[in-house]
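Okay, structure first, notes after.
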Amino acid sequence: MLKALFPGSFDPPTLGHLNILERASRIYDEIEVVVAVNPKKEYTFTAEERYTMMVQLVEELPNVTVETWDKLIVSYADKVGARIILRGVRALADFEYEFELSMLNRGLKPTVETIFMPTDPQYFVLRSTSIKELARLGGDISSMVPGFVATALRERLGVA
Ligand code: ADP
């Protein structure tokens, strides 16, 4: 059984996240999306909202489940017996941060491997922060997030 964890803020989940999960679900037997809960971070959506949106996003992927976690991802890996942390990478700028993070996690728990999956070119420019900015300015985000996320975002940001 090859189980991978896909941790992130998912504030909100995007079609870029879904693309990584669809592709990874064909490689791994099981994937657990781990929605990060960090009391020090300011989110647009609560942990429960991010969790609920993520559950809806992956409802057609039978081997993908969703959890929330407020501690180190390596301790979650320990808890569930996972040996792989999956991260998506877009531009080179992502790589620098992701590489450092993977070194940090490796230092904490060398038996857990971080695997990077490059984005599909279609989702190259998708990141949650820019999508929120675009939505705030009334831009069309329908090719970036599923309809239910677009609706939730418009409601939260108070745009018609
Ligand atoms: P974090 O706050 O931990 O960076 P995110 O929710 O932004 O969490 O992202 C979770 C994971 O999904 C990260 O590995 C991130 O690089 C990846 N990701 C986000 N958007 C895309 C995308 N458009 N294509 C590929 N990977 C992505």
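Out of segment 49-62, which residues are touching a strand residue (DSSP E or B) at 6+ places or on another chain (Cβ under 7 Å) and within 12 Å of the ligand (Cβ to nearest atom)?
Step one: filter segment 49-62 for residues touching a strand residue (DSSP E or B) at 6+ places or on another chain (Cβ under 7 Å), giving 50-51, 54-55, 58.
Selection gives Arg50, Met54.
Any idea which of Val33, Val37 is buried (at least 19 other Cβ atoms within 10 Å of the Cβ) and aliphatic (A, V, I, L, M)?
Details: Val37 fails: buried (at least 19 other Cβ atoms within 10 Å of the Cβ).
Among Val33, Val37, only Val33 is buried (at least 19 other Cβ atoms within 10 Å of the Cβ) and aliphatic (A, V, I, L, M).
Restricting to segment 5-48, name every residue that is out of contact with any strand residue (DSSP E or B) (no Cβ under 6 Å at 6 or more places or on another chain), more than 16 Å from Thr68 (Cβ to Cβ), free of Cβ contacts under 8 Å to residues at least 60 places away in the same chain and assigned to a helix (DSSP H, G or I).
Glu22
Just for segment 81-112: of the residues that are more than 8 Å from the ligand (Cβ to nearest atom) and buried (at least 16 other Cβ atoms within 10 Å of the Cβ), which one is farthest from Ile141 (Cα to Cα)?
Top of the filtered list is Lys109.
Output the number of residues of segment 76-101 satisfying the condition of being assigned to a helix (DSSP H, G or I) and of a type in the set (Gly, Ala, Ser). Please lay out each step first, then the result.
The first filter runs over segment 76-101 and keeps only residues assigned to a helix (DSSP H, G or I), leaving 76-80, 92-101.
Next cut, of a type in the set (Gly, Ala, Ser) only: 77, 93.
Result for segment 76-101: 2.
Collect the residues in segment 146-160 that are in a helix (DSSP H, G or I), out of contact with any Phe, Trp or Tyr (no Cβ under 8 Å at 6 or more places or on another chain) and not hydroxyl-bearing (Ser, Thr, Tyr), keeping them in residue-number order.
Step one: of segment 146-160, the residues in a helix (DSSP H, G or I) are 147-157.
Checking the rest, the ones that are also out of contact with any Phe, Trp or Tyr (no Cβ under 8 Å at 6 or more places or on another chain) come to 147-151, 153-155, 157.
Within segment 146-160, Gly147, Phe148, Val149, Ala150, Leu153, Arg154, Glu155, Leu157 meet the criteria.
Suppose we keep only residues that are in a helix (DSSP H, G or I) and closer than 22 Å to Ala24 by Cα within segment 113-135. Which one would you say is nearest to the ligand (Cβ to nearest atom)?
Taking segment 113-135 and keeping what is in a helix (DSSP H, G or I), we get 121-123, 128-135.
Adding the requirement that they be closer than 22 Å to Ala24 by Cα leaves 121-123, 128.
Working: Pro121: 10, Gln122: 9, Tyr123: 4, Ser128: 5 Å.
Top of the filtered list is Tyr123.
Failed condition for Val74, given (1) of a type in the set (Val, Ile, Thr); (2) free of Cβ contacts under 8 Å to residues at least 40 places away in the same chain; (3) under 20 Å from Gly16 (Cβ atoms), with all others met?
Every condition holds for Val74 apart from (3).
Kindly establish whether Asp78 is farther than 27 Å from Met144 by Cβ, at pLDDT 95 or above and in contact with a Pro (Cβ under 9 Å, 6 or more places away or on another chain).
Values: farther than 27 Å from Met144 by Cβ: yes; at pLDDT 95 or above: yes; in contact with a Pro (Cβ under 9 Å, 6 or more places away or on another chain): no.
Taking the combined requirement at face value, the residue does not satisfy it.
Let me spell it out: the conditions are (1) more than 29 Å from Ala152 (Cα to Cα); (2) more than 15 Å from the ligand (Cβ to nearest atom); (3) assigned to a strand (DSSP E or B); (4) among the β-branched types (Val, Ile, Thr), and Thr65 meets all of them except one. Which number is the exception?
Every listed condition holds for Thr65 apart from (1).
Only residues that are under 23 Å from Ser25 (Cβ atoms), out of contact with any helix residue (DSSP H, G or I) (no Cβ under 8 Å at 6 or more places or on another chain) and among the charged types (D, E, K, R): list them for segment 79-100, please.
Correct list: Lys79, Asp94, Glu98.
Of all residues in segment 24-47 being charged (D, E, K, R) and within 24 Å of Val74 (Cβ to Cβ), which is nearest to the ligand (Cβ to nearest atom)? If you could, list the steps in order and put the result at the bottom.
To start, the set of residues in segment 24-47 that are charged (D, E, K, R) comprises 26, 29-30, 32, 40-42.
Keeping just the survivors that are within 24 Å of Val74 (Cβ to Cβ) gives 29-30, 32, 40-41.
Values: Asp29: 20, Glu30: 18, Glu32: 13, Lys40: 13, Lys41: 8 Å.
So, considering only residues that are charged (D, E, K, R) and within 24 Å of Val74 (Cβ to Cβ), the one nearest to the ligand (Cβ to nearest atom) is Lys41.
The values are calculated or read from the model by the stated rules, or taken from the named source; none is laboratory data. Here the structure is a predicted model, which is why all the values come from computation and not from measurement. Heads up, the Cβs are rebuilt from the backbone with ideal geometry, glycines too, and the neighbour counts pull from every protein chain shown.
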